[in-house]
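J.: Have a look at this one.
Readers should treat all values here as calculations from the given coordinates under stated rules, not as data from a laboratory. Everything numeric in this text was worked out from a predicted model, so none of it was measured. Every residue, glycine as well, gets a Cβ built from its backbone with ideal geometry; the counts of neighbours run over all protein chains shown.
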Amino acid sequence: MVVIGTTWTGRYGRQGLAWPPPAHCDALLINAIPLKLIAGIQCEPLAASRTSRPSDTASFNCGISAACWLFSTGVAFAANTWALAFIHVPAEYKRRIIFRVACLMLSTIFLAMPIVAGAQVITRASQRALPALAAAKTGALHTHGNKLLYANNKIAILHGVVMAAKPGTPSWSHLQQSAAVAVKTWKSRLIGLPLSQDAWFGKLPDSRHQGAVYRHKIDSVVQYCATHGAYIDLTLQWTDIGHWGKYLGRHCMPDGNSVRFWRAVASRYKNYPNVLFGLFASPSGVDWHTWLYGGVCTHESATRVVAYRAAGMQELYNTVRATGAENIVLAPGCRGGADLFGVIHGFAVRGRNIMYSTNIYAWVSSHVPITQWARQWRQHFELPAQHVPVLVAQWGGGRKGAAYKHLLLKAMKKRDISWTAVNFRVGPPWPALIKNWQYQPTKLGNLVKHELANGALASEAVK
């Protein structure tokens, strides 16, 4: 910062106070301008950037410059206001101070614009729409009645696997390779990809990249699927009960930050018809009214109970559609995402191109009869599938053997239900479809891989 001094021209005043004030006070007014110019220069590359991934350095400089600008401006304004209020100032100096304060206010408005623009770029970067790919091999999907249809109105039955995508895990580092193997080798037509709203916006405690690296990696998987004829279900799984960087995990309902997340994600991928928007992974512990319209939920930790405003499925759906996105929207069931019974009894999301997802697990001891689970399937997805399009978004876990899984596959095939099996990663925790990162299938993986190959042949015949 260049220090511009003043000249001591005389003494006026009362009670020992002299005018002009000491040179360093008078200089603060002038020094505010160079500080604001520095702020503008540092933020200018960020504001002018046309990329969707602003650099860490630019955003850091923008914050530091803004702090310097605010500090210098505040001190200069306070010093001159103090001079006018408490010092006997001759008319010639009073006019000078008033003129300088007016200039300070005008420069504040003018030179604040680059910093504001820089902050807006950081926000817009997370939701700027990706341009459509000319090489995309997937067409738009739509719903009619209880069916999911291709653009030519033929029934779409999509089978695939769910990937693990939690940052910092081995699955995250293998994400792009896993997508390639799942689509090309295992013949998956649908990839499930769980997302974190804090990672998307760079709000994780150890985040160093404002979410740009995370978003770029998700972009690459979406674009790979689009160019290789596969659809992808982007599902919000990890939330923060409305507190960025805190209480990270899987919660009973989405929150206010989830609304911002879907505004950004839907804006970004609305030009990709192969993307399905899974509003939330597994709502639990709420009634159907709260599920649909939102309400107050609580999160219990080891030391405290935190209440937060839950966003309902209708609000999240409305947020997606407000961006102009016409992609298929997946609304999950209640009770851990498993139960869709309320959907056909007055609690359906109002809108178009809506599909409902359910999670089918068998986390029970081996002595429970399979027929009991078959009755639950009827309530959870077979009856709803007669009225609305249904995706079994997660299945494959539990302690049941092959007979259970074959019976479940038979029930889904009977209703032309799309599904994705969990989890295309190396365990533990279980269930896992692969044994290692050479993608050798587990016992469950062999069953899923076989079904995917058969489903791919049937899908080609339909198309």
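J.: For TYR356, which sequence-distant residues (separation of 5 or more, or a different chain) have an amide H within less than 5 Å of its own amide H, given hydrogens modelled in the peptide plane?
T.: Under 5 Å from the amide H of TYR356 lie the amide H atoms of ALA331, VAL390, LEU391, each far enough along the sequence or on another chain.
J.: Out of residues 5 or more away from GLY278 or on other chains, whose amide H comes under 5 Å of its own, with H placed 1.01 Å from N in the peptide plane?
T.: It is LEU234, THR235, LEU236, LEU330, by chain and number.
J.: Right, something else. Can you check what the net charge comes to around GLU382, using other residues whose Cβ is under 14 Å from the Cβ of GLU382 (Lys, Arg +1; Asp, Glu -1)? If you can, show how the numbers build up before the last one.
T.: Numbers: positive: ARG375, ARG378, LYS410, LYS413, LYS414, ARG415; negative: ASP339, ASP416.
The answer is +4.
J.: Name the trypsin sites (Lys or Arg not before Pro) in the range 190-222 that are in a loop by DSSP and that have at most 16 other C-beta atoms within 10 Å, would you?
T.: Loop-located and lightly packed - ARG208.
J.: From the backbone phi of the range 409-426, what are the Karplus-calculated ³J(HN,Hα) couplings (6.51 cos²θ - 1.76 cosθ + 1.60, θ = phi - 60°) in whole Hz, Gly and Pro given as x?
T.: Coupling constants for the range 409-426: 4, 5, 5, 5, 5, 4, 9, 6, 8, 6, 8, 9, 9, 9, 10, 7, 7, 8 Hz.
J.: While we're looking at this one, here's another question. Counting only DSSP beta bridges with both residues in the range 136-462, tell me the antiparallel percent, nearest 5.
T.: Counting DSSP beta bridges with both partners in the range 136-462, the antiparallel share is about 30 percent.
J.: Also: Applying the Karplus parametrisation 6.51 cos²θ - 1.76 cosθ + 1.60 with θ = phi - 60° to the phi angles of the range 316-324, what ³J(HN,Hα) value in whole Hz is obtained for each residue in order, glycine and proline being reported as x?
T.: Per residue, the Karplus-derived 3J(HN,Hα) values read 5, 4, 4, 5, 4, 5, 5, 7, x Hz.
J.: Counting only C-alpha contacts under 8 Å and six or more residues apart, can you give the relative contact order of the range 136-462 as a whole percent?
T.: Working: 678 pairs, mean separation 60.0, N = 327.
RCO, the range 136-462: 18 percent.
J.: For the range 243-339, state which trypsin sites (Lys or Arg not before Pro) are in a DSSP loop and have at most 14 other beta carbons lying within 10 Å of their beta carbon. Can you show the working numbers first?
T.: Values: sites: LYS246, ARG250, ARG260, ARG263, ARG268, LYS270, ARG304, ARG309, ARG321, ARG335; in loops: LYS246, ARG250, LYS270, ARG304, ARG335.
Those that pass, being in a loop and sparsely packed, are LYS246, ARG250, ARG304.
J.: Please list 161-171, 438-448 highest first by mean number of surrounding beta-carbon atoms within 10 Å per residue.
T.: Working: 161-171: 19.5, 438-448: 16.9.
Peptide ranking by packing, descending: 161-171, 438-448.
J.: In Å, what is the Rg of the alpha-carbon atoms in the range 252-371, and how long is Dmax?
T.: 15.7, 50
J.: What does the net charge come to around ASP255 if you take all other residues with beta carbon closer than 12 Å to its beta carbon, with K and R at +1 and D and E at -1?
T.: Details: positive: LYS246, ARG260, ARG309; negative: ASP198, ASP240, GLU315.
Once all neighbours under 12 Å are counted, the net charge is 0.
J.: In addition: Residues in the range 219-259, backbone N under 11 Å from the label point at LYS166 (7 Å along the Cα-to-beta-carbon vector): list them, ranges by number please.
T.: 238, 249-250
J.: Report, by chain and number, residues whose modeled amide H sits under 5 Å from the one on GLY285, excluding near sequence neighbours (fewer than 5 apart, same chain).
T.: Those lying under 5 Å, H to H, from GLY285 are ARG335, GLY336.
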